[in-house]
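Accompanying notes for the structure given below.
Coordinate-derived values only; no laboratory data. Model, not experiment: these values are computed from the prediction. Backbone-built Cβ (ideal geometry, glycine too); neighbour counts: all protein chains shown.
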């Protein structure tokens, strides 16, 4: 009888900070999101707007100031008690721009 030795690792994959691919967990807005931004984006896109570490930015144009939001939303299911992905996206984006 051929018995395979099973390797059970009791650790959770989420706390791992080194990934060779961007995972869904990176979009959760937590520590993995921050580490992804710090490691990949700050070094390549270093500027006064990104360095504020905010979901949005205010910048000057020829006709006045503009606010810009970069937030994204991932949720399953897209319809849930009290709302849906569309409402969440609109409310979150409006909140980000208002905070700018």
- Which FRET efficiency, nearest 0.05, do residue 58 and residue 78 yield, Cβ-Cβ r, R0 30 Å? 0.45
- Item | For the range 22-64 and the range 76-99, distance of Cα centres in Å | 20 Å
- Item | Backbone N under 13 Å from the residue 88 label point (7 Å along Cα→Cβ), restricted to the range 44-79 | 72-79
- Message: If I model the range 54-100 as equal point scatterers sitting on the Cα atoms and use the Debye formula, what is log10 I(q)/I(0) at q = 0.18 Å⁻¹?
- Response: -0.59
